[in-house]
Number of protein chains: 2
Amino acid sequence: MPELRKDPIVGRWVIIASERAKRPNELKGEGQAQVEPGLCPFCEGHEDKTPPEILAYRERGTRANGPGWRIRVVPNRFPALKIEGNLNKRGDGIYDKMVGVGAHEVIIESPKHRISTAELTDSNVQEVLWVYRDRLVDLKKDSRLVHGMIFKNVGAAAGASLEHTHSQLIVTPIVPISVWDEMTGALEFYNYRGRCIFCDMVQQELSFEKRVVLDTPHFTAVCPFASRFPFETWILPKAHSSHFENIPKPGVDDLGHVLRDVLSKLEHALDDPPYNYIIHTAPFDHQELPHYHWHIEIIPRLTKVAGFEWGTGFYINPVPPEDAAAFLREVDCRPASPQRERFERTTMV
Amino acid sequence: MPELRKDPIVGRWVIIASERAKRPNELKGEGQAQVEPGLCPFCEGHEDKTPPEILAYRERGTRANGPGWRIRVVPNRFPALKIEGNLNKRGDGIYDKMVGVGAHEVIIESPKHRISTAELTDSNVQEVLWVYRDRLVDLKKDSRLVHGMIFKNVGAAAGASLEHTHSQLIVTPIVPISVWDEMTGALEFYNYRGRCIFCDMVQQELSFEKRVVLDTPHFTAVCPFASRFPFETWILPKAHSSHFENIPKPGVDDLGHVLRDVLSKLEHALDDPPYNYIIHTAPFDHQELPHYHWHIEIIPRLTKVAGFEWGTGFYINPVPPEDAAAFLREVDCRPASPQRERFERTTMV
């Protein structure tokens with residue numbers, strides 16, 4: 001079984017998962033290995049090559065674990081955490097550990113092998129969002145688990161090990177340190193000023209305008225003031241809400257459009273960069289919180305992150321977010337556009 | 001001028017340095033581009049290709065900015081921070097920023113173009129440590145600056161942009177968030193138990209033995225309990241001390257040997273992996289602290305770090321530190337050894 005271990009100094013939990021070592025190293029170096037479509041376990045018709053599905057949005061009359069699905073959720077075959085067992089929390093001198101109980105699921109976003117975000121329709125993306133929400137609502141019922149993290153790695157340089165478009169869900173029995181840090185920082189602001197810092201941020205960005213990429217009835221996409229990475233972009237709901245899974249139907253409708261649009265802009269502007277997105281949302285074991293505000297962070301992987309940067313949290317970003325936002329605002333993503341305007345990547349080494 | 005900006009939620013400072021975009025992208029992809037020795041600005045005889053030296057350990061009778069040096073410190077030509085100017089700290093609504101004042105220096109560790117750690121002598125490494133210490137002691141006098149971070153990137157995948165062996169020093173007017181988090185965590189432990197958590201860690205590791213890589217009179221090298229990365233190794237002084245620059249002479253003598261030995265073990269075991277090391281030390285503006293303990297963290301870059309891992313602080317490590325330490329203990333690093341024992345890298349995808 002995987003083991004969760006806590007760093008006694010900073011309180012960061014790490015998953016020691018030696019069984020992960022067996023997973024296929026499909027991607028080598030920077031390039032994305034071309035898997036023959038006939039071998040991809042995520043393609044339609046290969047449902048027997050994954051563990052049995054947990055959830056699928058399917059055409060009427062089709063059967064579980066057969067073709068006919070639009071989106072399919074399966075357990076990760078090489079899970080970082082496993083759903084069976086007791087946590088068995090224990091100490092060893094200054095150290096704390098527990099059994100790596102949790103969920104690690106794969107959300108296969110399309111039956112087609114390789115499809116970029118620009119090729120998806122708004123309603124495809126909306127369905128992916130509904131799947132995210134359905135899985136969180138379901139896993140929340142398990143009292144051993146306290147937090148769900150949804151993320152997507154696109155491209156080898158962003159850590160993707162299979163190229164078929166998919167996102168992942170890791171549900172943990174502890175709150176990851178970054179969520180904890182955000183919650184703590186936001187609570188401090190709330191205690192001092194009585195307002196949500198993310199709500200303040202949305203307001204300040206909309207009035208300043210220069211870091212805004214997109215503004216819709218329900219969402220704002222901005223390149224944040226203290227961007228760690230070139231073209232880092234956050235999507236924030238305008239109405240306060242701490243839990244992603246509480247998103248209302250009009251919110252999903254709008255977010256499908258916004259997420260597709262922002263990712264298409266990044267794909268067009270940066271020539272299909274590797275990227276990650278992560279949904280930051282409040283832990284399960286809280287009701288709606290007045291100080292925390294869920295959001296999506298999108299990080300194109302254009303710069304090499306030196307070890308000292310993720311070792312120290314001290315980032316050097318060569319592209320001011322104002323420049324990145326100005327560029328992204330202007331990018332035309334209509335599929336028909338033959339002249340793709342691209343940010344000159346040589347300026348971002 | 002570069003700008004320092006603070007993330008209002010978690011308090012992380014970021015350097016927005018658009019001038020860095022101009023630096024040469026010597027390294028492409030994963031491979032290390034072969035720079036013709038005749039063009040390397042760090043090689044002996046090319047002293048005119050760098051800004052004038054700040055410090056050099058030289059042979060008697062040789063002149064500044066000419067050949068005859070063993071180690072040479074120069075300003076980074078593409079600095080993340082600049083030494084001139086006032087901090088001009090200011091706010092803008094919820095945001096805080098200041099001018100990017102600081103120092104960014106390059107420590108050229110050898111006049112030879114490409115030399116691996118295994119090829120260095122203990123006394124080479126000791127001199128590099130003396131240079132680190134001399135630069136910190138000097139920069140500490142500048143009241144605008146509060147923290148010095150020394151790090152080394154080896155290999156393109158670890159973020160090195162020039163292959164000639166060198167380390168770097170970034171001195172900042174703020175305390176980087178990781179140092180702040182470590183200091184806070186360690187202080188909490190100290191307030192509760194009246195002991196330094198790092199001292200406790202050294203003691204527990206030495207008695208447990210299984211994560212110890214090397215044990216000498218002054219230092220212990222261990223693969224930490226909650227290792228984020230395969231073969232992550234920390235070197236900790238056995239005697240309590242919060243500031244690296246206060247290291248006594250016998251400490252430098254021993255550390256030169258330990259650092260060379262640990263890096264050689266990693267080079268031998270993992271077939272010259274890209275890696276980073278970072279010296280974690282207390283901020284300048286404190287006297288000796290009872291709760292903080294300087295140390296060196298060495299991180300081989302064997303696994304691809306997915307964005308969600310450094311975005312969330314949630315690491316998945318496929319190699320238990322007990323296995324890594326057992327392997328490193330056994331590695332024979334004598335230069336004469338023709339049969340290099342290697343950890344099977346295919347197990348670490």
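Every number here is computed from the coordinates shown, using simple stated rules; none is lab data. From a predicted model like this one, the values you see are computed outputs, not experimental measurements. FYI the Cβ positions are ideal-geometry reconstructions off the backbone, even for glycines, and counts take in every protein chain you see.
Hey, what did chain A get for relative contact order, percent, Cα under 8 Å, at least 6 apart?
Here the relative contact order equals 16 percent.
So the label point sits 7 Å from Cα along the Cα-to-Cβ vector; using that for residue A:60, what distances do you get to the other copies, in nanometres, sorted shortest first?
Label-point separations across copies, in nm and ascending: 9.7.
Tell me the volume per residue, in Å³, of the convex hull enclosing the alpha carbons of chain A.
Cα-based convex hull of chain A, divided per residue, equals 157 Å³.
Charges at C-beta only: +1 for Lys and Arg, -1 for Asp and Glu. How large is the resulting dipole of region A:58-144 about its Cα centre, in Debye rounded to 20?
Result for region A:58-144 is approximately 260 debye, rounded to the nearest 20.
If you take the beta carbon distance between residue B:138 and residue A:39 as r and set R0 to 56 Å, what does 1/(1 + (r/R0)^6) give as a FRET efficiency, to the nearest 0.05? Provide the component values of the computation, followed by the final result.
Values: r = 59 Å, r/R0 = 1.06.
Here the calculated transfer efficiency is 0.40.
Restricting the calculation to Cα positions, tell me the Rg (one decimal) and the Dmax (whole number) of the protein assembly as shown in Å.
Reported Rg and Dmax, both Å: 25.2, 89.
Say each of residue B:63 and residue A:62 gets a label point 7 Å from the Cα, pointing the same way as Cα to Cβ; how far apart are those two points in nm?
A separation of 7.9 nm, rounded to one decimal place.
Suppose every K and R has +1 on its Cβ and every D and E has -1 on its Cβ; what is the size of the dipole of region B:180-334 about the Cα centre, in Debye to the nearest 20?
Taking the Cα centre of region B:180-334 as origin, the dipole is about 100 debye.
Charges only on Cβ, +1 for Lys and Arg, -1 for Asp and Glu: so what's the dipole of the protein assembly as shown about the Cα centre, in debye to the nearest 20?
In debye, rounded to 20, the protein assembly as shown gives about 100.
Quick one: which residues, 5 or more positions from residue A:70 or on another chain, have an amide H under 5 Å from its amide H? H modelled 1.01 Å from N in the peptide plane, none for Pro or chain starts.
Those qualifying (amide H under 5 Å, at least 5 residues apart or on another chain) are A:57, A:58, A:59.
Mean separation of Cα pairs under 8 Å and 6+ residues apart, divided by the residue count of region B:180-334: what relative contact order is that in percent? Present the calculation step by step, with values, prior to reporting the outcome.
On the way: 254 pairs, mean separation 50.4, N = 155.
It comes to 33 percent, rounded to a whole number.
Going by a ≥ b ≥ c, the root eigenvalues of the Cα gyration tensor, does region A:178-333 fall in the rounded group (a/c under 1.5), the prolate group (a/b larger than b/c) or the oblate group?
Here region A:178-333 falls in the oblate category.
Per residue of A:185-192, what is the mean number of Cβ atoms on other protein chains within 10 angstrom of that residue's Cβ?
Numbers: counts 6, 3, 0, 2, 3, 0, 0, 0.
Other-chain Cβ atoms within 10 Å of each residue's Cβ, averaged: 2.
Just counting partner chain Cβ atoms within 10 Å, what average do the residues of peptide A:126-134 show around their Cβ?
What the average comes to for A:126-134 is 0.
Using a 10 angstrom cutoff on alpha carbons, build the Gaussian network for chain A and name the most mobile of A:82, A:140, A:304.
Among A:82, A:140, A:304, the largest mean-square fluctuation in the Gaussian network model of chain A belongs to A:304.
Order these peptides, A:154-160, B:120-126, A:127-133, by their mean beta-carbon neighbour count within 10 angstrom, highest first.
A:154-160, A:127-133, B:120-126
Specify the inter-centroid distance of region A:262-297 and region B:95-142, based on alpha-carbon positions, in whole Å.
Between the Cα centres of region A:262-297 and region B:95-142 lies a distance of 38 Å.
What ranking do B:264-276, B:227-239 get when scored by the average of other Cβ atoms within 10 Å per residue, highest first?
Details: B:264-276: 21.2, B:227-239: 23.6.
Ranked from most to least packed, the peptides come out as B:227-239, B:264-276.
Calculate the length of the line joining the C-alpha centroid of region B:145-160 to that of region A:164-197, in whole Å.
After rounding, the separation between the Cα centres reads 28 Å.
Can you find, among B:246, B:185, B:277, the residue sitting farthest towards the positive end of the charge dipole of region B:180-334, where Lys and Arg contribute +1 and Asp and Glu -1 at Cβ?
Sorting the options by dipole projection puts first B:185.
Which residues' amide hydrogens lie under 5 Å from the amide hydrogen of residue B:242, considering only partners 5 or more residues apart or on another chain, with H built in the peptide plane?
B:289, B:294
Per residue of B:315-324, how many C-beta atoms from partner chains lie within 10 Å of its own C-beta, taken as a mean?
Average per residue, whole number: 6.
Just need the relative contact order of region B:252-313 here, percent rounded to a whole number, with Cα pairs under 8 Å and 6+ apart.
Working: 39 pairs, mean separation 19.2, N = 62.
31 percent.
Once amide H atoms are built 1.01 Å from N in the peptide plane, which residues 5 or more positions from residue B:304, or in another chain, come under 5 Å H to H?
Sorted by chain and number, the residues that satisfy this come to none at all.
Given the -39500 (n - 2.57) contribution per DSSP H run of 4+ residues, what per-residue ellipticity at 222 nm results for chain A, rounded to the nearest 500 deg cm²/dmol? The partial results should precede the final answer.
Numbers: 6 runs with 85 residues, N = 349.
Helices in chain A give a 222 nm mean residue ellipticity of -8000 deg cm²/dmol.
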